[in-house]
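Notes follow the structure.
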Amino acid sequence: MKTEQQQATMIGLDIGTSRVVAVKQQNEQESVQAQLNAFVAIPHSKLTENSLKRENVPHSVSDGQLVVFGNESARMADLLGREIRRPMTRGILNSNEPESLQQMEEIVNSVLGDRPEGGAKVCFSVPAPPLGQESNLTYHEATIKQILNQLGFLDVRSVNEGLAVIYSELEDSNYTGIGISCGGGLCNVALSYMSVPVLSFSVAKGGDFIDSSAAGVTGELINRVRIVKEESFHFNGHFADKVQQALTVYYDDMIQAVVQGLKESFQASRNVPKFGRPVPLVLSGGGVMPQGFRDRFEKSIAATSLPVAISEIRMAKSPLETTARGALIAALSE
C-alpha cells in the first residue's frame with residue numbers, strides 16, 4: 001500500500017486561451033496555481049535576467065532573447081507599448097505562432113511544478129467544436145497530452161470544458177443543467193442530464209474577440225484594452241469613455257451569440273431530453289467577471305424562447321477556477 005506521502009496527486013488543469021489554471025489535491029490538501037497564457041520577448045542582458053530571477057518572474061532564454069511568460073508578460077508588454085503573444089487562439093494551439101509549443105510547455109510547467117513522488121493523475125480541459133463548424137480538435141488534444149507526458153505526467157485524460165463547469169457547480173442538481181464557460185478564445189456551452197453529456201458547442205466570441213474588436217474601433221492596443229476590461233469595466237449603460245463604451249457593445253454581441261447558440265443547438269438536436277422541470281444554468285470564466293454580467297445575460301435569456309426551461313441563472317463560486325475544479329472532479333471520479 002502507498003503511504004500517505006506517496007498517494008497520487010489529483011490535478012484538474014484548465015488549458016484556456018487566456019489563462020492556464022491548475023487545482024491540485026493531495027491528502028485532502030488543495031492548492032491553486034494560475035498563469036496568463038501569454039508571453040513577450042525582450043532584449044537579453046545579464047542584468048535584466050538577474051532582475052527577473054530576483055523577482056521570481058517566470059522566464060526563459062530563447063535565441064538570444066529573454067522570454068517573459070505568464071502573469072508578468074502583460075505588464076511588461078504594456079510598459080513597452082507592445083502586444084503580448086499567445087500560444088493559443090480560439091481555444092486551441094495557435095498555428096501562426098512559431099513559439100506556441102515551447103511557450104505552452106513553459107506555462108503548463110510553471111503551474112504544475114515538479115511531478116509528485118507518488119505520481120499524479122491529470123485531467124485537462126478541451127473545448128467543444130464551434131457551433132455550425134467542423135473543427136479538428138484532435139491535434140490540439142494530442143499535443144497537450146504529449147506536453148504533459150514530456151513533463152513527467154503519464155496518467156492523463158481530457159474533459160469537455162462546459163461539462164467541467166457542470167461537474168464543478170451543479171452537484172446540487174445531480175449534475176443536470178447547463179454549464180457555460182466564457183473564456184478568452186471561446187464561450188463553451190454544455191448540457192448534461194445526471195452528469196451524462198447531452199450536447200456541447202462553442203461560440204468563437206470570447207474575451208479576445210471583445211478586446212480586438214474594441215481595440216479596432218478605439219485605436220488602442222489590444223493588451224491595454226484587455227487590462228481596462230479586467231481592472232475597471234462594468235455594465236452601467238452609459239459611458240463617456242470610448243473604450244468602456246466599445247467594451248459594452250462587444251460584450252452584448254458575445255452574450256447574444258451565446259444565447260442564440262443555445263436556441264439553435266437545442267432546436268437542432270434530437271437528443272435533448274424532456275427534463276420535466278426547469279434546469280439551472282451556471283456562468284463561469286473570466287468573461288463573466290464584470291459587475292452586471294449575470295443580469296445582462298438573464299435579460300437576454302428572458303427575451304429568447306428556449307426549448308429548455310431555465311430555473312435559475314447563477315454565477316460560479318470562483319469563475320476563474322471553475323473549469324480546473326471540474327476537471328479535478330473528473331480526475332477524482334475515475
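The values are calculated or read from the model by the stated rules, or taken from the named source; none is laboratory data. Here the structure is a predicted model, which means the values were calculated and not measured. Here the Cβ is made from the backbone with ideal geometry for all residues, glycine too, and neighbour counts use every protein chain on show. Keep in mind that these areas ignore ligands, DNA and RNA; they rest on the heavy atoms of the full protein, side chains included. Shrake-Rupley method; radii C 1.70, N 1.55, O 1.52, S 1.80 Å.
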Original post:
Quick one: what Rg and Dmax do you get for the chain from the alpha carbons, in Å?
Top reply: 20.1, 66
Original post:
Ignoring ligands and nucleic acids, what accessible area does Asp155 show with a 1.4 Å probe (Å², nearest 10)?
Top reply: 80
Subject >> Karplus 3J(HN,Hα) series, Hz, for the range 77-89 with 6.51 cos²θ - 1.76 cosθ + 1.60 (x for Gly, Pro) >> reply: 5, 5, 5, 8, x, 10, 8, 6, 10, 10, x, 10, 9
Original post:
What's the longest piece of the chain with no exposed trypsin sites (Lys or Arg not before Pro), counting a site as exposed if DSSP puts it in a loop and it has at most 10 other beta carbons within 10 Å?
Top reply: 3-269
**OP:** Starting from the amide H of Ala120, placed 1.01 Å from N in the peptide plane, find each other amide H under 5 Å away whose residue is 5 or more places distant or on another chain.
**Re:** Thr9, Leu154, Asp155
Subject >> Rel. contact order, % - alpha carbon contacts under 8 angstrom, at least six apart, the chain >> reply: 20
**OP:** Sort Ser300, Ser51 by accessible area with a 1.4 Å probe, largest first.
**Re:** Ser51, Ser300
Original post:
Roughly how many whole Å is it from the C-alpha centroid of the range 173-242 to that of the range 90-143?
Top reply: 20
Subject >> Order of exposure, largest accessible area first, which applies to Glu55, Glu117, Glu141 with probe 1.4 Å >> reply: Glu117, Glu55, Glu141
Original post:
Averaged per residue, what accessible surface does the chain expose to a 1.4 Å probe, in Å²?
Top reply: 47
**OP:** Provide the solvent-accessible area of Val196, counting protein heavy atoms only and rolling a 1.4 Å probe, rounded to the nearest 10 Å².
**Re:** 90
**OP:** Please say if the range 94-169 is rounded, prolate or oblate, where rounded means a/c under 1.5 for a ≥ b ≥ c the square roots of the C-alpha gyration tensor eigenvalues, and otherwise the choice is prolate for a/b larger than b/c and oblate otherwise?
**Re:** oblate
Subject >> Anisotropy class of the range 237-315 from Cα gyration tensor, a/c 1.5 cut >> reply: prolate
Original post:
What distance in nm separates the simple spin-label points at Ala302 and Glu231, each placed 7 Å from Cα in the Cβ direction?
Top reply: 3.4
Original post:
Any idea of Glu72's accessible area? Nearest 10 Å², probe 1.4 Å.
Top reply: 50
